[in-house]
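Heads up: the structure comes next, in C-alpha coordinates.
The values are calculated or read from the model by the stated rules, or taken from the named source; none is laboratory data. Note that this is a predicted model, so its numbers are computed, not measured. Every residue, glycine among them, receives a Cβ derived from its backbone with ideal geometry; neighbour counts consider all protein chains shown. These area figures cover heavy atoms from the full protein model, side chains too; ligands, DNA and RNA do not enter into them. Shrake-Rupley method; radii C 1.70, N 1.55, O 1.52, S 1.80 Å.
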Amino acid sequence: MGKSLAAKNEIIADLKQTLSESQLVIAIDYTGLTVGEITDLRRRLRPKGSSCQVAKNTLMRIAVEGNETWQPMQELLTGTSAFVFVQEDIGGAIKAYQEFQKASKKTQLRGGVMEGRVLKEADVKALADLPSKEQLMAQIAGAINGVATKLAVGINQVPTSIARGLKAYAEKDGDAAEAPAEAEAEAPAEAESASA
(Lines give C-alpha, C1' and ligand atoms only; values in the text may rest on other atoms or scores of the structure.)
Protein backbone atom coordinates (compact mmCIF):
# COMPACT_ATOMS: atom_id res chain seq x y z
CA MET A 1 0.00 0.00 0.00
CA GLY A 2 1.37 3.43 -1.04
CA LYS A 3 1.95 6.41 1.19
CA SER A 4 -0.86 8.86 1.80
CA LEU A 5 -0.82 12.29 0.18
CA ALA A 6 -0.11 13.90 3.56
CA ALA A 7 2.92 11.62 4.09
CA LYS A 8 4.23 12.42 0.60
CA ASN A 9 3.79 16.16 1.18
CA GLU A 10 5.71 15.82 4.45
CA ILE A 11 8.59 14.06 2.65
CA ILE A 12 8.63 16.77 -0.04
CA ALA A 13 8.69 19.52 2.61
CA ASP A 14 11.54 17.71 4.40
CA LEU A 15 13.48 17.40 1.11
CA LYS A 16 13.01 21.11 0.39
CA GLN A 17 14.22 22.02 3.87
CA THR A 18 17.29 19.78 3.58
CA LEU A 19 18.05 21.16 0.11
CA SER A 20 17.91 24.74 1.42
CA GLU A 21 20.60 23.88 3.99
CA SER A 22 22.88 22.04 1.53
CA GLN A 23 25.85 23.17 -0.55
CA LEU A 24 26.00 20.03 -2.67
CA VAL A 25 23.68 17.09 -3.33
CA ILE A 26 25.03 13.83 -4.70
CA ALA A 27 22.73 11.28 -6.34
CA ILE A 28 23.67 7.62 -5.95
CA ASP A 29 22.11 4.38 -7.13
CA TYR A 30 21.77 2.32 -3.99
CA THR A 31 20.52 -0.93 -5.57
CA GLY A 32 21.42 -3.91 -3.42
CA LEU A 33 22.21 -2.03 -0.21
CA THR A 34 20.77 -3.42 2.99
CA VAL A 35 19.25 -1.26 5.72
CA GLY A 36 22.39 -1.90 7.78
CA GLU A 37 24.64 -0.68 4.96
CA ILE A 38 22.61 2.51 4.47
CA THR A 39 22.83 3.06 8.22
CA ASP A 40 26.61 2.60 7.98
CA LEU A 41 26.78 5.21 5.19
CA ARG A 42 24.75 7.66 7.27
CA ARG A 43 27.03 7.03 10.26
CA ARG A 44 30.10 7.81 8.12
CA LEU A 45 28.57 11.01 6.72
CA ARG A 46 27.26 12.49 9.98
CA PRO A 47 30.65 13.72 11.35
CA LYS A 48 31.22 15.52 8.03
CA GLY A 49 28.02 17.55 8.40
CA SER A 50 26.20 15.48 5.77
CA SER A 51 23.26 13.13 5.58
CA CYS A 52 21.90 10.45 3.29
CA GLN A 53 18.24 10.06 2.46
CA VAL A 54 16.48 7.54 0.26
CA ALA A 55 13.62 9.13 -1.69
CA LYS A 56 11.49 8.35 -4.70
CA ASN A 57 12.55 10.19 -7.82
CA THR A 58 9.04 11.62 -8.27
CA LEU A 59 9.14 13.19 -4.79
CA MET A 60 12.61 14.68 -5.40
CA ARG A 61 11.43 15.94 -8.79
CA ILE A 62 8.57 17.80 -7.07
CA ALA A 63 10.92 19.11 -4.34
CA VAL A 64 13.35 20.67 -6.85
CA GLU A 65 10.67 21.95 -9.25
CA GLY A 66 11.02 25.71 -9.75
CA ASN A 67 14.20 25.96 -7.64
CA GLU A 68 16.98 27.22 -9.95
CA THR A 69 19.72 25.97 -7.65
CA TRP A 70 18.45 22.37 -7.51
CA GLN A 71 16.35 21.96 -10.70
CA PRO A 72 19.31 20.41 -12.60
CA MET A 73 18.94 17.43 -10.20
CA GLN A 74 16.18 16.16 -12.50
CA GLU A 75 18.84 14.91 -14.94
CA LEU A 76 20.08 12.47 -12.29
CA LEU A 77 16.70 11.04 -11.25
CA THR A 78 16.69 7.54 -12.70
CA GLY A 79 16.54 4.09 -11.09
CA THR A 80 16.67 3.70 -7.32
CA SER A 81 18.02 6.88 -5.78
CA ALA A 82 19.56 7.90 -2.51
CA PHE A 83 20.79 11.42 -1.98
CA VAL A 84 23.78 12.63 -0.03
CA PHE A 85 23.09 16.15 1.26
CA VAL A 86 26.35 17.94 2.02
CA GLN A 87 25.98 20.91 4.36
CA GLU A 88 29.53 21.46 5.64
CA ASP A 89 32.71 19.59 4.65
CA ILE A 90 32.33 18.87 0.94
CA GLY A 91 35.65 17.08 0.47
CA GLY A 92 35.25 15.10 3.70
CA ALA A 93 31.72 13.97 2.79
CA ILE A 94 32.77 12.80 -0.66
CA LYS A 95 35.76 10.93 0.80
CA ALA A 96 33.47 9.30 3.40
CA TYR A 97 31.14 8.15 0.60
CA GLN A 98 34.09 6.88 -1.47
CA GLU A 99 35.37 4.85 1.49
CA PHE A 100 31.89 3.40 1.97
CA GLN A 101 31.63 2.60 -1.75
CA LYS A 102 35.01 0.86 -1.65
CA ALA A 103 33.89 -1.25 1.31
CA SER A 104 30.40 -2.14 0.03
CA LYS A 105 31.09 -2.26 -3.73
CA LYS A 106 27.34 -1.85 -4.30
CA THR A 107 26.55 1.79 -4.96
CA GLN A 108 27.01 3.83 -8.12
CA LEU A 109 27.61 7.59 -8.00
CA ARG A 110 25.50 9.24 -10.72
CA GLY A 111 26.62 12.80 -10.19
CA GLY A 112 25.71 15.81 -8.15
CA VAL A 113 24.35 19.33 -8.22
CA MET A 114 26.13 22.37 -6.83
CA GLU A 115 25.31 26.05 -7.34
CA GLY A 116 22.76 25.26 -10.07
CA ARG A 117 25.09 23.06 -12.14
CA VAL A 118 25.14 19.32 -12.72
CA LEU A 119 28.43 17.69 -11.78
CA LYS A 120 29.46 14.46 -13.46
CA GLU A 121 31.08 11.67 -11.46
CA ALA A 122 34.59 12.94 -12.33
CA ASP A 123 33.66 16.46 -11.15
CA VAL A 124 32.40 15.14 -7.81
CA LYS A 125 35.59 13.11 -7.35
CA ALA A 126 37.68 16.22 -8.14
CA LEU A 127 35.90 18.08 -5.33
CA ALA A 128 37.14 15.42 -2.90
CA ASP A 129 40.73 16.40 -3.71
CA LEU A 130 40.20 20.04 -2.74
CA PRO A 131 41.51 21.06 0.70
CA SER A 132 38.96 21.54 3.46
CA LYS A 133 38.01 24.98 4.72
CA GLU A 134 40.25 24.49 7.78
CA GLN A 135 43.22 23.52 5.58
CA LEU A 136 42.66 26.55 3.34
CA MET A 137 42.48 28.84 6.37
CA ALA A 138 45.72 27.37 7.72
CA GLN A 139 47.43 27.88 4.35
CA ILE A 140 46.24 31.49 4.17
CA ALA A 141 47.34 32.13 7.76
CA GLY A 142 50.75 30.64 6.96
CA ALA A 143 51.09 32.84 3.87
CA ILE A 144 50.08 35.96 5.82
CA ASN A 145 52.50 35.05 8.61
CA GLY A 146 55.28 34.60 6.04
CA VAL A 147 54.57 38.01 4.52
CA ALA A 148 54.50 39.63 7.96
CA THR A 149 57.83 38.05 8.87
CA LYS A 150 59.45 39.24 5.64
CA LEU A 151 58.02 42.71 6.17
CA ALA A 152 59.37 42.86 9.73
CA VAL A 153 62.81 41.71 8.58
CA GLY A 154 62.71 44.28 5.77
CA ILE A 155 61.73 47.07 8.15
CA ASN A 156 64.54 46.09 10.52
CA GLN A 157 66.98 46.17 7.58
CA VAL A 158 66.10 49.78 6.66
CA PRO A 159 67.84 51.49 9.62
CA THR A 160 70.83 49.19 9.23
CA SER A 161 71.04 50.00 5.52
CA ILE A 162 70.72 53.73 6.20
CA ALA A 163 73.46 53.53 8.85
CA ARG A 164 75.76 51.68 6.44
CA GLY A 165 75.06 54.23 3.73
CA LEU A 166 75.75 57.17 6.04
CA LYS A 167 78.95 55.57 7.27
CA ALA A 168 80.11 54.94 3.70
CA TYR A 169 79.24 58.51 2.76
CA ALA A 170 81.04 59.88 5.82
CA GLU A 171 84.11 57.80 5.03
CA LYS A 172 84.04 58.93 1.41
CA ASP A 173 83.51 62.54 2.51
CA GLY A 174 86.34 62.14 5.03
CA ASP A 175 88.67 60.85 2.32
CA ALA A 176 87.68 63.78 0.10
CA ALA A 177 88.38 66.28 2.93
CA GLU A 178 91.76 64.70 3.66
CA ALA A 179 92.92 64.99 0.04
CA PRO A 180 92.59 68.85 -0.13
CA ALA A 181 94.26 69.14 3.31
CA GLU A 182 97.21 67.08 2.08
CA ALA A 183 97.35 69.17 -1.10
CA GLU A 184 97.40 72.40 0.96
CA ALA A 185 100.18 71.01 3.16
CA GLU A 186 102.27 70.06 0.13
CA ALA A 187 101.77 73.47 -1.56
CA PRO A 188 103.68 75.55 1.12
CA ALA A 189 106.47 72.96 1.14
CA GLU A 190 106.84 73.29 -2.64
CA ALA A 191 106.78 77.11 -2.37
CA GLU A 192 109.59 77.04 0.23
CA SER A 193 111.73 74.76 -1.92
CA ALA A 194 111.16 77.03 -4.93
CA SER A 195 112.21 80.17 -3.03
CA ALA A 196 115.36 78.52 -1.71
Listed highest first by mean packing, meaning other Cβ atoms within 10 Å per residue, what order do 3-16, 93-106 come in?
93-106, 3-16
Which FRET efficiency value, to the nearest 0.05, is calculated for residue 120 and residue 150 with the Förster distance at 30 angstrom and r the Cβ-Cβ distance?
0.10
Rounded percent of accessible protein surface that carbon and sulfur make up, region 1-53, 1.4 Å probe
54
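Just list whichever of 3/102; 95/120; 48/120 have alpha carbons separated by over 26 Å in the model shown.
Numbers: 3/102 34 Å; 95/120 16 Å; 48/120 22 Å.
Flagged as over cut-off: 3/102.
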Residue 81: net charge of surrounding residues, Cβ under 11 Å, Lys/Arg +1, Asp/Glu -1, itself excluded?
+2
Solvent-accessible area per residue for region 1-120 at a 1.4 Å probe radius, Å²?
53
What is region 1-130 by shape, rounded, prolate or oblate, if you read a ≥ b ≥ c off the alpha carbon gyration tensor as root eigenvalues and call it rounded for a/c under 1.5, prolate for a/b larger than b/c, and oblate otherwise?
oblate
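So between residue 23 and residue 87, what do we pick up on full extension, going 0.36 nm a residue minus the alpha carbon distance?
22.5 nm
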Sequence-separation-based contact order of region 60-118, relative, with Cα cut under 8 Å and 6+ spacing, percent:
50
